[in-house]
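Here is the structure we will look at, set down as C-alpha cells.
The values are calculated or read from the model by the stated rules, or taken from the named source; none is laboratory data. Only a predicted model underlies this, so the values are computations on that prediction, with no experimental measurement involved. Cβ placement follows ideal geometry from the backbone for every residue including glycine, while neighbour counts extend to all protein chains displayed. Accessible surface areas use protein heavy atoms only, side chains included; no ligands, DNA or RNA. Shrake-Rupley method; radii C 1.70, N 1.55, O 1.52, S 1.80 Å.
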Amino acid sequence: MKLSDNAIKITKNVGWAVAGKTVSLLGSLLVGILVARYLGPEQYGLMNYVISYVCIFQVFATFGLDSIEIREESRHPEERDVIIGTAFMIKIVFAVITMAAVAVSVMITETDSFTRWMIMLYSLSIVLNSLNVIRNHFTSLVWNEYVVKTEISRTVIGALIKIGLLFAKAGLGWFIAVYTFDFVLLASGYCTSYRLKIDRMKLWRFDVKWAKYLVAQSFPLMLTGAAVMIYQRIDQVMIGKMIDSASVGQFSVASKFVEVLIFVPTIIAQTVAPILIRTREKDDYEYRKKSQVFMNVTIWGSFFMAAVTSLISYYLVIWTFGKAYLPAVLILQILSFKVVSVALSNTAGQLLVIEGLQKYAILRDAFGCVICVIFNLLLIPRFGTAGAAAVAILSNLSAGYIADLFIPQYRHLFRMQSKALLLGWKDIFKIKSLLKS
C-alpha cells in the first residue's frame, strides 16, 4: 500500500501495540495455564476472586482520567509537564483513598482472614497504577514502541518468577504476591522509558486550574468506569459468593481466552482515537466517514474472531488447561461473543470522548450495571456459570448499544452501530482509508 508518512507512523504504532499485547496476553495465558494446572480450580478461582475484587475498586483510583489525559495531550502538547504532573497527583490521592475503602470493605464482607490479607496485598497495585500517566503520554504521541518494550520485559520477568514458584511448589499467597509485583516491574519500566525518551519526571508540575478541569472532565467517566467495572468484574465475585471458588476458576479460564479476543477492538480504539481527534478538528464530514469505517471494521472483525473461538472452544480448553477445567468449554462457547458487544461499546465510547459527550455516558453504563446485577441474581442460581456468561454479553449490549437508543445525545451513535451491525461487513477491508491523513 502507498501510505502517507502519518499512515506509516500509525501502522507502525499499531504493529508495536499488537506485538506488545500479543506477547503480554500469550505470556499471561501460558503462565496462567501452568498456574491453573498447579493450583487447581478451587485455589485458582480464589486467586481470580481476589484480583476481581480489587479491580472493582481500581476505577475509583484512576478517576476516568486516562482518556481525558490522552485527549488533552493530543490537543495541547506544549502543556505536557503540567498535564502529566497534575493527572499523576490526582491519581495518587484517589489511589490512597481507594486503598482505604478496600480495607474497610474487606473487614465488613470477608470472614476468611487469608482472603482478607490477599485482597489487601493485591490492592497495592492501585497505587502503582498511577504511573499509567506515562503510558497515556506515549499513546497521545502515537508512539507505542517504548511502552511495548517495557510491557514485554515485565511479562518475561514476571513469567520467569511465576515459573520459579511452580518449581519451588509455593503456596497461593506467593503467587498473589508475584502478581502484585508485576505492577512494580511495569511502573519501573514506564519511568525508565520516560526518562530515556521524553524528559525528566522532575519537570512534572501540579496546576490547580488544570486539576479542576481534569477532574470536572473525568468525573462522568469515573462514574461510567465504575459501572463498567462492576458489570465486567462483578460476575466472578458473585459466582464466588453464590456458588464456590472452583466455579470462579472455571469462569476465569474461559475469560482468559476472551481477554485475548477483547484486546483487538480495544487496541484499535485506543490507537485510532488520536487520528479521529485531529480529523474532527479539520473536517467534520471526513471525521464522520472515518468513524463509521472504524466502527464497521472493529465490530465485524470481532464477530469473526468470536465465531471461530466458539467453534474450537473444546480443543482450546482441553489442550491447554486440561480435563479438570472441562466445564469451562460451555462458558467459552457463550462468552467468546462478548468481544462483539465490547467492540460495540468501545468504539462508541471513544467517539463520546472525542465529541465531548462523556457526561451522559453514566446513564448508559448504569443501565448495563443494573442489568448485570439483576440478571446475575436471576440466572446464576438457575444456570450457574453459563448464565453468568450470557449475562456478561447482555450487560455489554445493554450499556454499549441498547441504551444509546434512549439517550437523545447518543442516538446518532445508535444509528451508526445499527448500520455497522447490518452493513458493516462491506467495510471489513477498508482499514487503509482509516489510516489516510
Being in contact with an Asp or Glu (Cβ under 9 Å, 6 or more places away or on another chain), aromatic (Phe, Trp, Tyr) and not in a loop (DSSP other than H, G, I, E, B) is true for just one of PHE138, PHE114, PHE175, PHE181. Which residue is that?
PHE138
Residue within segment 193-213 that is surrounded by 15 or more Cβ atoms within 10 Å (Cβ to Cβ), over 30 Å from ALA399 (Cα atoms), among the aliphatic types (A, V, I, L, M) and within 21 Å of the chain's Cα centre (by Cα) present
no
Which one of these is crowded, with 17+ Cβ neighbours inside 10 Å, within 22 Å of GLN270 (Cβ to Cβ) and free of Cβ contacts under 8 Å to residues at least 60 places away in the same chain: LYS21, LYS91?
LYS91
Name the residue that is nearest to LEU421 (Cα to Cα), counting only residues in segment 327-341 that are assigned to a helix (DSSP H, G or I) and open to solvent by less than 10 Å² (accessible area, probe 1.4 Å).
SER341
Only one of GLY301, GLY322 that is closer than 30 Å to THR271 by Cα, of a type in the set (Gly, Ala, Ser) and modelled with pLDDT of 85 or more
GLY301
Take the conditions β-branched (Val, Ile, Thr) and either closer than 30 Å to ALA273 by Cβ or touching a strand residue (DSSP E or B) at 6+ places or on another chain (Cβ under 9 Å) (or both) and apply them to THR150. Does it pass?
yes
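Conditions (1) of a type outside the set (A, V, I, L, M); (2) within 26 Å of THR266 (Cα to Cα); (3) modelled with pLDDT under 85, marked per residue:
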position	(1), (2), (3)
TRP143	yes, yes, yes
ALA159	no, yes, no
ALA168	no, no, no
PHE183	yes, yes, no
List, please: which pairs have Cβ atoms under 9 Å, are six or more places apart or on different chains, and start with a residue in segment 331-360 that is without any contact (Cβ under 8 Å) to a residue 40 or more places away in the chain and end with one that is crowded, with 23+ Cβ neighbours inside 10 Å?
GLN333/ALA254; GLN333/ALA389
Please work out if ILE157 is in contact (Cβ under 8 Å) with a residue 40 or more places away in the chain, open to solvent by 40 Å² or more (accessible area, probe 1.4 Å) and not in a loop (DSSP other than H, G, I, E, B).
no
If you go through ALA324, ALA306, ALA348, the only one that is part of a helix (DSSP H, G or I), buried (at least 21 other Cβ atoms within 10 Å of the Cβ), among the small types (Gly, Ala, Ser) and out of contact with any Asp or Glu (no Cβ under 9 Å at 6 or more places or on another chain) is ALA306
Please determine whether any residue of segment 123-135 is under 15 Å from ILE176 (Cβ atoms) and either among the acidic types (Asp, Glu) or open to solvent by 20 Å² or more (accessible area, probe 1.4 Å) (or both).
yes
Flagged pairs (Cβ under 6 angstrom, 6 or more apart or on separate chains; first in segment 272-301, over 20 Å from SER418 (Cβ atoms); second open to solvent by 20 Å² or more (accessible area, probe 1.4 Å) and part of a helix (DSSP H, G or I)) are ALA273/GLN350; PRO274/SER74; ILE277/SER74; THR279/GLU286
The correct count of residues that are under 21 Å from the mean Cα position of the chain (by Cα) and under 11 Å from SER130 (Cα atoms) in segment 85-106 is 7
Only one of LYS290, LYS282 is of a type in the set (D, E, K, R), over 26 Å from TRP319 (Cβ atoms) and open to solvent by less than 30 Å² (accessible area, probe 1.4 Å); which?
LYS290
Among residues of segment 104-120, those that are over 21 Å from VAL178 (Cβ atoms) and surrounded by 14 or more Cβ atoms within 10 Å (Cβ to Cβ), counted
2
Tabulated pairs, segment 366-382, first of a type in the set (A, V, I, L, M), second open to solvent by 50 Å² or more (accessible area, probe 1.4 Å), C-beta under 6 angstrom, 6+ apart or interchain:
ILE380/MET242
Residues being in a helix (DSSP H, G or I) and either open to solvent by 30 Å² or more (accessible area, probe 1.4 Å) or over 22 Å from GLN232 (Cβ atoms) (or both): count how many of those fall in segment 309-321.
7
State which residue is nearest to the chain's Cα centre (by Cα) when the search covers only segment 38-61 and only residues that are over 19 Å from LYS162 (Cα atoms) and open to solvent by less than 10 Å² (accessible area, probe 1.4 Å).
SER52
Residues that are out of contact with any Leu (no Cβ under 6 Å at 6 or more places or on another chain) and either among the aromatic types (Phe, Trp, Tyr) or under 16 Å from GLY249 (Cα atoms) (or both): does segment 346-363 have at least one?
yes
Answer with yes or no whether ALA216 is among the hydrophobic types (A, V, I, L, M, F, W, C), over 30 Å from TYR146 (Cβ atoms) and out of contact with any helix residue (DSSP H, G or I) (no Cβ under 6 Å at 6 or more places or on another chain).
yes
Enumeration of residues in segment 75-88 that are assigned to a helix (DSSP H, G or I) and open to solvent by 30 Å² or more (accessible area, probe 1.4 Å)
ARG75, PRO77, GLU78, GLU79, ARG80, PHE88
